[in-house]
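The structure under discussion is supplied below as structure tokens; questions concerning it will follow.
The values are calculated or read from the model by the stated rules, or taken from the named source; none is laboratory data. Source: prediction; values computed, not measured. When we count neighbours, we look across all protein chains shown, and the Cβ atoms used for this are built from the backbone with ideal geometry, even at glycine. Side chains included, ligands, DNA and RNA excluded: accessible areas come from the protein's heavy atoms. Shrake-Rupley method; radii C 1.70, N 1.55, O 1.52, S 1.80 Å.
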Amino acid sequence: MALRAAELLRQHAYVGGVWCAADNGATIDVRNPFDNSLLGTIPNLGATETARAIAAADDALPAWRAKTGKERGAILRRWHQLIERHSDDLALLLTLEQGKPLAEAKGELNYALSFVEWFAEEAKRVYGDVLPTPRSDQRMMAIRQPVGVVAAIIAWNFPSALVTRKVSPALAAGCTVVLKPSELTPFTALALAWLGEQAGIPPGVFNVVTGDPAPIGCELAGSSVVRKLTFTGSTATGRLLMQQSASNIKKLSLELGGNAPFIVFEDADLDDAVQGLMASKFRNAGQTCVCANRVFVHASVAGTFAAKLRAEIERMKLGNGLDKDVTIGPLIDQRAVQKVSRLVDDAVAKGARLLSGGRLSEPGSLLFQPTLLDGISNDMDIAHAEIFGPVVALSVFESEESVLARANDSESGLAAYFYTASLERTWRVMEALEYGIVGINTGAVSNEVGPFGGVKESGVGREGSKYGIEEFLELKYACLAGKSFNSAR
Ligand code: SIN
């Protein structure tokens, strides 16, 4: 691996400021999803080492919490500088372990950096309030304080941005963190922790535990020392963590699965809509929770839209993310390939038309072709499931009312998109969509400024934005009584 700074490849966990192995020496192999080559190993920690990381975060909490927001912000700024300085290496690491094209990995690094910058600034803007009192012999206020030790568990699809979107606001707020990256893509997170160490984040403030998810997740969720758990991943795992966290009534942020509708109305600019769909659907090979998942096109423009889309899809180049001209990389593992293949086969068996792609480009690989299906009907699994792969499934609709009903007919409520030229429809449809995020005439909604999160089974809480730091703060109300508050008249 040709990293300019070889120290960025960390093959140990990071607990209490010490880079460490598992107590029993167990490791997990980390492989490149493009060619299955071995990139390195990580320690397979269990409950005991996780408890140690929680204790380290707890020990580090009083001193970190006692720093001013300005002091914590300055450390985050130094972290930002170092991540920026090493972003070429980090992007390389990210492509190798995750598979996305290098240009996309660099884009993700910029996205990750935007959260560090944002929360470095927000650290000094945690305000309280003096409240109007109902009694003249009392004064009242509300202050915000760090929630305490935070557990952050993240998925494999954004190995850098999910780290910084959770760790930066937690540290800015004065919390300490135990992070569990995915065992499929741990190296970017470990490199970020190493840069955090170089930036002066004190020992124990930011810990990284690596290994199989079940024992680590159970320990983090079940610990009463951990006062907040923030998770990005599947709805099934989010539900389990919520149950495990119930024993100690932990504060939770859950960013779970999506099933985004993408609606193209008859008055939409079709070229813009095609570009928006390409950006939304094929980012990270369709493996994002905000990906367009169910595409509804008005019957009067469906044929033209499908033809334009097909031309764009056939221009994509599938392959090794390190090759310059590659625009889409492999899926993450065999399970993902099986799921996507099964959804495509089921749709075709039930009458969908395969307009492009539909299978692996090389048998035995994880390279699933960008795929276009039309004629999707409600009896097909693909009409309901979160695809999490590079497959566009087109359905037609006749009226705004019917498409809204179909769009909202989902247990998920993360992102939704629509294209229209009508101002009144824009407002009406935006309000009617039961989703936490709505993209209007755009397929790109993710940035550090907008509150990211869903409704229904897509989760609880918001990340990024001016609201994101709230998730790591508790509000304390104080009432002060005294006889001589009023000045003598
Ligand atoms: C995700 O898929 O978990 C995050 C996507 C994003 O931040 O845009």
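So, in Å, what gap is there between the alpha-carbon centers of the stretch 289-343 and the stretch 215-267?
Centre-to-centre distance over Cα atoms comes out at 27 Å.
Classify the chain: rounded, prolate or oblate, from the alpha-carbon gyration tensor (a ≥ b ≥ c, eigenvalue square roots; a/c under 1.5 rounded; otherwise prolate if a/b is larger than b/c)?
In terms of gyration-tensor shape, oblate.
Separate question: Out of SER341, ALA385, LEU179, whose Cα points farthest toward the positive end of the dipole of the chain (charges: +1 Lys, Arg; -1 Asp, Glu; placed on Cβ)?
Value computed over the given set: LEU179.
Computed from the mean reciprocal separation of all distinct C-alpha pairs, what Kirkwood hydrodynamic radius does the stretch 261-440 have, in Å?
16.4
Next up: Quick one: of LYS228/LYS317; LYS106/LYS476; LYS100/LYS339, which pairs are farther than 30 Å apart, Cα to Cα?
LYS228/LYS317; LYS106/LYS476
Can you check what the Kirkwood hydrodynamic radius comes to for the stretch 84-159, Cα pairs only, in Å to one decimal?
Computed over Cα pairs of the stretch 84-159, the Kirkwood hydrodynamic radius comes out at 16.2 Å.
Here's a follow-up. Taking the Cα atoms of the stretch 74-225 alone, what are Rg (to one decimal) and Dmax (as a whole number) in Å?
Spelled out, the Cα radius of gyration and Dmax of the stretch 74-225 are 17.9, 65 Å.
Search the structure for amide H atoms under 5 Å from the amide H of ALA416, placed 1.01 Å from N in the peptide plane, and list their residues when 5 or more places away or on another chain.
So ALA416 has HN proximity to ILE437, VAL438, GLY439.
Could you list the residues of the stretch 446-462 with an amide nitrogen less than 18 Å from a label point located 7 Å from the Cα of ASP272 in the Cα-to-C-beta direction?
Zone members listed by number: 446.
Tilt of helix 213-222 relative to the longest C-alpha principal axis of the chain, in degrees (0 to 90, nearest 10)?
40
Defining a contact as two alpha carbons under 8 Å apart and six or more residues distant in sequence, what relative contact order in percent does the stretch 261-370 show?
23
On to the next question. Can you send over the carbon and sulfur percentage of the accessible area for the stretch 219-326, probe radius 1.4 Å, protein chains only?
Ligands and nucleic acids excluded, carbon and sulfur give 53 percent.
Over what distance in Å are the Cα centres of the stretch 32-108 and the stretch 391-410 separated?
The distance from the Cα centre of the stretch 32-108 to that of the stretch 391-410 comes to 40 Å.
As a test of the formula, what do you get for the chain when each DSSP H run with n ≥ 4 contributes -39,500 (n - 2.57) and the sum is divided by the residue count, at 222 nm and rounded to the nearest 500 deg cm²/dmol?
Estimated from H runs of four or more residues: -11500 deg cm²/dmol.
Can you tell me the relative contact order of the chain? Whole percent, Cα pairs under 8 Å, sequence separation 6 or more.
Result for the chain is 18 percent.
Extension gain ALA307-ARG85, at 0.36 nm per residue separation less the Cα-Cα distance, in nm?
Net length gain for the segment: 75.6 nm.
Further question: Using +1 at the C-beta of Lys and Arg and -1 at the C-beta of Asp and Glu, which of PHE158, ILE249, ASN259 has the Cα lying farthest in the positive direction of the dipole of the stretch 134-273?
ILE249
Using unit Cβ charges (K, R positive; D, E negative) and no other charged atoms, how large, in debye to the nearest 20, is the dipole of the stretch 261-440 about its Cα centre?
Roughly 620 debye for the stretch 261-440.
Indicate the gyration tensor shape class of the stretch 1-107 (rounded, prolate or oblate), computed on the Cα atoms with a ≥ b ≥ c the square roots of the eigenvalues: a/c under 1.5 is rounded; otherwise a/b larger than b/c is prolate and the rest oblate.
Judged from the Cα gyration tensor, the stretch 1-107 comes out oblate (a/c at least 1.5, b/c at or above a/b).
Can you tell me the convex hull volume per residue for the stretch 292-396, based on C-alpha atoms, in Å³ to the nearest whole number?
94
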